[in-house]
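Here is the structure we will look at, set down as structure tokens.
The values are calculated or read from the model by the stated rules, or taken from the named source; none is laboratory data. For clarity, every value in this text was computed on a predicted model and none was experimentally measured. In this analysis, Cβ positions are derived from the backbone assuming ideal geometry, glycine residues included, and neighbour counts consider all displayed protein chains. Each accessible area value is taken on the protein alone, full model and side chains, heavy atoms only, with ligands, DNA and RNA left out. Shrake-Rupley method; radii C 1.70, N 1.55, O 1.52, S 1.80 Å.
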Amino acid sequence: MAQQYSSEESAVFGVWLHGKAGDFTAEKHSKESMLPSDLIDELGNVFKILS
């Protein structure tokens, strides 16, 4: 929202980021063994594909 997106756009983008980071993490780890920190570690890679 600090970048002038609406509340709805911010929420949708946040959900998309979380999901894509989960997809990347699932490629490296099994879904059963994923940790929240694994997801956080992949956020940078998600932003890389956006640029």
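Some notes on this structure:
- Accessible area per residue, Å², the chain with all protein chains present, probe 1.4 Å: 80
- Short-range pairs are left out: with C-alpha atoms under 8 Å and at least six residues apart, the relative contact order of the chain is 36 percent.
- Angstrom value of the Kirkwood radius, inverse mean 1/r, which spans all Cα pairs in the chain: 11.7
- In a reduced charge model with +1 at each Lys and Arg Cβ and -1 at each Asp and Glu Cβ, the chain shows a dipole moment near 100 debye about its Cα centre.
- Sequence-ordered 3J(HN,Hα) estimates for region 13-20 from the Karplus curve with 6.51, -1.76 and 1.60 and θ = phi - 60° stand at 5, x, 5, 5, 4, 4, x, 5 Hz, glycine and proline given as x.
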